[in-house]
Amino acid sequence: MKIFLMTIAFATLSSGLALANSYNYSACANSNSKACQNDRAAFAEHHNGQSPEQYNNHWYQGKQGRWSQQGNDWRWDGVHGEKYSKGHSGWGWSKAERNDSNHRD
């Protein structure tokens, strides 16, 4: 009986740790602590005044990302590395190279 209970306890703890590691949740998402306020202010300072919630919170042709402008040139930067910009042959999509081992095409 002890082995059975220990097995159940170990399985429960293991699954809880696996779920905790697989869930990508920011500690500041629902916090208004001084440290989180400072982090959000620093992010906004370096991202044209946009908060983390606003930065990649747009959609274009089914892809999530953001529009950016340099001079008169506009481009779309997707969250998965894709770019939509005007090149020599007109507007088109390009895929950025990634070194991410979890990325699949």
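The values are calculated or read from the model by the stated rules, or taken from the named source; none is laboratory data. Predicted, not measured: the structure shown is a model, and the values here were computed from it.
Among the residues of the stretch 13-42, count how many are at pLDDT below 70 and not hydrophobic (A, V, I, L, M, F, W, C).
First, pick out the residues of the stretch 13-42 that are at pLDDT below 70: 13-26.
Then keep just the ones that are not hydrophobic (A, V, I, L, M, F, W, C); that gives 14-16, 21-26.
Matching residues across the stretch 13-42 total 9.
In the stretch 43-105, which strands (runs of 3 or more DSSP E) lie fully inside it and hold 1 or more residues that are more than 30 Å from Ser31 (Cα to Cα), modelled with pLDDT of 85 or more and hydrophobic (A, V, I, L, M, F, W, C)?
Output list reads 73-78, 90-95.
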